[in-house]
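The values are calculated or read from the model by the stated rules, or taken from the named source; none is laboratory data. What you see is a predicted model; the values in this text were computed from it and never measured. Cβ coordinates were reconstructed from backbone atoms using ideal geometry, including for glycine residues, and neighbour counts include every protein chain displayed. Remember, those area values only see protein heavy atoms, side chains included, never the ligands or the DNA or RNA. Shrake-Rupley method; radii C 1.70, N 1.55, O 1.52, S 1.80 Å.
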Amino acid sequence: MSISHAPPGSPAPDIPETSPQDAVEPTTPGPAPELEPIVPTSSRRTRVPRWLRRTTGPVLLLALWQLLSSAGVLTADALASPGRVAQVAGDLVADGSLTSAMTTSLQRVAGGLLLGTLIGTGLALVSGLFRVGEDVVDAPVQMLRTVPFVGLIPLFIIWFGIGEAPKIAIITLGVTFPLYLNVYAGIRGVDAQLIEAGESLGLSWWGLVRHVILPGALPGALTGLRYSLGIAWLALVFAEQVNADSGIGFLMVQARDFLRTDVIVVCLIVYAFLGLLADFVVRSLERLLLQWRPTFTGR
C-alpha cells in the first residue's frame, strides 16, 4: 500500500471543514409504534358458556332418544320414552319412594367410602413410606385386588348376614384398592432430589413426610378418590340387588320383576347424577387443594 506525499512547497489540498453538527445530524423521533395487546388464545374463541358446551352432548342424546321413541324404533316395552320416564320420576318423588331410596343408598356409599378411604390410605402410607411395610403389605394387597369383589358377595353374606354389613363391606372393598394404588404410587413418585433438599435443610423424618412427601402424593390421592367413587357406585348396584329391601337397587329389582323399563331408567339416571355430583365434589377439592400446582387446562 503506497501513500503519496505532496512535494515540499506545494499547497495543501483543500479539505472541507465539517462541524460536529454536520457530522452527526440529529434525527427527529417519529411517533412510537402502537403495540397490540397480547390476547390469550382462550379469549379469542367464541365466548360460549362452558356449561352450555358441556350440556350439548346430553341434550343431543336426549333428542335422539325422543326421536327414536316417537318414530317407533324404540318401543315402550324395550325402552320407555323420555316423557314417560320424566312422568314416572315425578310420581316416585311425589310418593316419597325415590327420595327414601336415595337416602338409603347415599348412607351405604358414605359408610363404605369412609371405611375404604381409611383402610386404603392407611395401607398405602405403611407400604409407601417404609420398605418393611412394603414387603409385608404390598404383596397381599396385590393378590386381593385381582379377585373380583363381586365374587366375594356369597362369603360376605355368610360372614355378615343379609343386613347392611355385607353391602357396606362390598363397597369398602371396591373403594380400598384404587385408593391404595394411587396413594402408594404418589408417595413413591416424589422426586428423590426434593427429599435430599429437605434433609439438607435439616427437616426431620416427620417434617419430610408432612412438607414434602404428603403434598407430593396429594394429586395421586385425589385421582384415586375419583376412581374409588366410580367403583363405589358400581359396587352399590351389586350390593343393593342382593337381599335388599330398600335403596335404588331394590327399586330396580322390583321394576325388573314387573318389566317396568321406565322405573329402571329413572334409577339408572339417579345413579348417573349421584356419581356426577360426587365427581364434581372431588374436582372442586382438587382445585382448592392443588392451587400450588398449576397444570395444563387444554386449549
Per-region count, the range 248-299, residues within 26 Å of the chain's Cα centre (by Cα) and among the polar types (S, T, N, Q): 4
Verdict on Leu236 being out of contact with any strand residue (DSSP E or B) (no Cβ under 6 Å at 6 or more places or on another chain), within 19 Å of Leu113 (Cβ to Cβ), of a type outside the set (Asp, Glu) and in contact (Cβ under 8 Å) with a residue 40 or more places away in the chain: yes
Qualifying residue in the range 144-166 (condition: among the acidic types (Asp, Glu) and under 19 Å from Ala244 (Cβ atoms)): yes
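A quick yes/no check of all residues on (1) in contact with a strand residue (DSSP E or B) (Cβ under 9 Å, 6 or more places away or on another chain); (2) in a helix (DSSP H, G or I); (3) closer than 21 Å to Leu179 by Cβ:
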position: Ser228; (1), (2), (3): no, yes, yes
position: Ala232; (1), (2), (3): no, yes, yes
position: Gln241; (1), (2), (3): no, no, no
position: Ser246; (1), (2), (3): no, no, no
position: Leu251; (1), (2), (3): no, yes, no
position: Asp262; (1), (2), (3): no, yes, no
position: Val270; (1), (2), (3): no, yes, no
position: Arg283; (1), (2), (3): no, yes, yes
position: Arg293; (1), (2), (3): no, no, yes
Qualifying residue in the range 204-224 (condition: under 30 Å from Ile157 (Cβ atoms) and modelled with pLDDT of 85 or more): yes
Any chance Pro294 is modelled with pLDDT under 85 and either open to solvent by 80 Å² or more (accessible area, probe 1.4 Å) or more than 29 Å from Arg84 (Cβ to Cβ) (or both): yes
Residues of the range 125-177 classified as open to solvent by 70 Å² or more (accessible area, probe 1.4 Å), touching a helix residue (DSSP H, G or I) at 6+ places or on another chain (Cβ under 9 Å) and either under 19 Å from Leu113 (Cα atoms) or in contact (Cβ under 8 Å) with a residue 60 or more places away in the chain (or both), total: 4
Pairs with Cβ under 7 Å, 6+ apart, first in the range 62-80 and part of a helix (DSSP H, G or I), second of a type outside the set (Phe, Trp, Tyr) and open to solvent by 70 Å² or more (accessible area, probe 1.4 Å): none
Every residue from the range 137-167 that is over 18 Å from Pro178 (Cα atoms) and either among the aromatic types (Phe, Trp, Tyr) or at pLDDT 90 or above (or both): Phe156, Trp159, Phe160
Filter pass, Gln87 being open to solvent by 80 Å² or more (accessible area, probe 1.4 Å) and within 18 Å of Ala272 (Cα to Cα): no
